[in-house]
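**Student:** Provided herewith is a single structure, encoded as structure tokens, for subsequent inquiry.
Quick note: the coordinates plus some simple rules give every number you see, no bench work behind them. Every value quoted in this text rests on a predicted model; they were computed, and no experiment measured them. Neighbour counts run over all protein chains shown; Cβ positions are idealised from the backbone, glycine included.
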Amino acid sequence: MTTYQDVQLRDEDASVLKSFEEVLREPIPLAEEIRWNTFGFTAINGNVTGIGMFSKGLTTLPEGLWDLRRLEYLWLTGNRLSPFPEEVRRLGALRQLSMNINGLKELPRGLWQLDSLEYLCFWRNQVTTIPDELGNLKQLEEFHPAANPITTLPESITQLKNLRVMDLADTKITSLPEKFQLLQRLEVLNIEKTEMTSFPKEIGYLRNLKFLGLDEELLDKVPESMRRREGLEIRARPRAGKPAHANDINRPS
């Protein structure tokens, strides 16, 4: 065991933090939790469980990172990690991954092997395509591809039965997959500033939906029965306005 920031860690885990420290030329602080703007780490029983590297200008990641057997949270907003390392597939315990604002043009193939992933966010990159392998992420609960020039969602997204939150704002999506209504656990859906010109009828079948964000131009196309649905909040914004940030859209408690 090695002491790092007054925390007893496995030697391998401490070595990863020291590698980050060498690159950044500053120690990695202990954090209470990992969020989108966190710089720090969390640990339990000698294992690093979370790492946040908010806006640190990183272009590479330590090789030892991929061997952190208990890492559950990896938030890397505001770096320059493009292309993103394929080694991410080795993080078998990972539950949350954020790759916001990294200049990504494509998603790493290794991503689709993360069987435990519950939260995936790659807001404001240049990703144009989401492959069918998205359907492999059976545990996924939140999906945030907002502010990317993607034009379609793969049909396989309808296999994600645990999905509760989806943010499609500021994309070039024109329609939803034919069987989108199979996502019956979906509670939050944001389609602000997309290329949709008509209201997708599939949304009307989402009986557990509690929040819907859309453009004002689509509001009068929402069925009256849906607008009157008890427990559903509908927020309409001008298309020219700024869409909600991935971390700010309403989430039911």
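**Student:** Just need the relative contact order of the chain here, percent rounded to a whole number, with Cα pairs under 8 Å and 6+ apart. Intermediate values should be presented prior to the final figure.
**Tutor:** On the way: 607 pairs, mean separation 24.3, N = 253.
Relative contact order for the chain comes out at 10 percent.
**Student:** How much length would be gained if the chain were fully extended between ASP67 and ASP115, taking 0.36 nm per residue of separation minus their Cα-Cα distance, in nm to one decimal?
**Tutor:** 15.7 nm
**Student:** Among [x] 33, 21, 17; [y] 33, 25, 15; [z] 36, 17, 17, which is the computed semi-axes √(5λ) of the Cα gyration tensor in Å?
**Tutor:** [z]
**Student:** I need the fraction of alpha carbon pairs in the range 27-167 separated by more than 17 Å, rounded to a whole percent.
**Tutor:** Taking all Cα-Cα pairs of the range 27-167, the fraction more than 17 Å apart is 58 percent.
**Student:** Moving to a separate point now. Convert each backbone phi in the range 101-114 into a coupling constant with the Karplus relation 6.51 cos²θ - 1.76 cosθ + 1.60 (shift: θ = phi - 60°), then list the ³J(HN,Hα) values in order as whole Hz, x for Gly and Pro.
**Tutor:** 6, 10, x, 5, 9, 8, 8, x, 4, x, 4, 6, 9, 8
**Student:** Further, regarding this structure: With a cut-off of 8 Å between alpha carbons and a minimum separation of six or more residues, what is the relative contact order of the range 2-127 in percent?
**Tutor:** Numbers: 278 pairs, mean separation 22.1, N = 126.
Across the range 2-127, relative contact order equals 18 percent.
**Student:** For the chain, find the longest principal axis of its Cα atoms and tell me its angle to the long axis of helix 11-24, 0 to 90°, nearest 10.
**Tutor:** In the chain, helix 11-24 runs at an angle near 80 degrees to the longest axis.
**Student:** Continuing with the same structure: In nanometres, what is the gap between the two model label sites at GLU230 and LYS105, each 7 Å from Cα along Cα-to-Cβ?
**Tutor:** If labels sit at GLU230 and LYS105, their model points lie 5.3 nm apart.
**Student:** OK, next. Among the lysines, which fall within straight-line cross-link reach of LYS56, defined as a Cα-Cα distance under 27 Å, with same-chain neighbours fewer than 8 residues apart omitted?
**Tutor:** Output for LYS56: LYS18, LYS105, LYS242.
**Student:** Ordered by residue, what ³J(HN,Hα) values in Hz, to whole numbers, does the range 70-81 give under the Karplus form 6.51 cos²θ - 1.76 cosθ + 1.60, where θ = phi - 60° and Gly and Pro are x?
**Tutor:** Using θ = phi - 60°, the values come out as 10, 5, 10, 10, 9, 10, 10, 4, x, 10, 10, 9 Hz.
**Student:** Okay, next question. For the range 115-198, what does the relative contact order come out to in percent, with C-alpha contacts under 8 Å and a separation of six or more?
**Tutor:** Normalised by residue count, the contact order of the range 115-198 is 27 percent.
**Student:** Once phi is turned into ³J(HN,Hα) by the Karplus curve 6.51 cos²θ - 1.76 cosθ + 1.60 with θ = phi - 60°, what whole-Hz value does each residue of the range 219-228 show in order, with x for glycine and proline?
**Tutor:** 4, 6, 9, 6, x, 4, 4, 6, 5, 9
**Student:** Rounded to whole Å, give me the distance from the Cα center of the range 52-116 to that of the range 27-43.
**Tutor:** Centre-to-centre distance over Cα atoms comes out at 15 Å.
**Student:** Taking a spot 7 Å from the Cα of LYS201 along the direction of its beta carbon, which residues of the range 166-182 have an amide N less than 18 Å from it?
**Tutor:** So the set is 174-182.
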